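Everything below concerns the one structure shown next.
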Amino acid sequence: MTLTPPQGRFDGSLHSFPVRVYFEDTDLSGIVYHANYLRYFERARSDMLARVGIDQRAAHDEGLGAYAVTQMDIKWKRPAKLDDELVVESRVTNVRAASCSIQQRVRRGQDILAEAQVTAALLTPEGRPRRQPADWVEKFKAVTDEGKYQ
């Protein structure tokens, strides 16, 4: 099976992922329904993992497990609207044995529409935390500002 190449890109430690707002993303007033920001953040994180060389599907199929969001704090600042062209920016800020912290924001041009602080942990198929593979940790370290593993 051939996968579509990742859509995002890295500029140093900042990963940028384009998103266009479609009608299905909006509520009756024509603004993006708040829960859809979770989808935008998730797509950007998944793309970021693909860009650094982490194959989530293969990890799942091999029984290694999968990442799950264990905490997310979001602040909405301005609404996105139908047909807006947005960019979701993601930055890995901390890498630990079984988890990582990621700062994310949604922009429309220079305007910040939403910001999130996310913690994602690698879980076994049974739902228990597990250490991330050493090569994954190195891949994350390569895209952090400080390159530190804590």
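The values are calculated or read from the model by the stated rules, or taken from the named source; none is laboratory data. The model shown is predicted, which means the values in this text are computed figures rather than measured ones. Cβ: placed from backbone, ideal geometry, glycine included. Neighbour counts: every protein chain shown.
As a summary of the residue check, I54 satisfies the conditions (1) part of a strand (DSSP E or B); (2) touching a helix residue (DSSP H, G or I) at 6+ places or on another chain (Cβ under 8 Å); (3) in contact (Cβ under 8 Å) with a residue 60 or more places away in the chain except for the one numbered (1).
Considering region 72-150, the qualifying strands (runs of 3 or more DSSP E), each wholly inside and each with 1 or more residues that are free of Cβ contacts under 8 Å to residues at least 24 places away in the same chain, touching a strand residue (DSSP E or B) at 6+ places or on another chain (Cβ under 8 Å) and surrounded by 13 or more Cβ atoms within 10 Å (Cβ to Cβ), run over 99-108. Residues in region 70-104 that are hydrophobic (A, V, I, L, M, F, W, C), within 13 Å of A120 (Cβ to Cβ) and within 13 Å of the chain's Cα centre (by Cα): M72, V92, C100, I102. Only one of the numbered conditions (1) closer than 30 Å to G30 by Cβ; (2) modelled with pLDDT under 90 is not met by R105, and that is (2).
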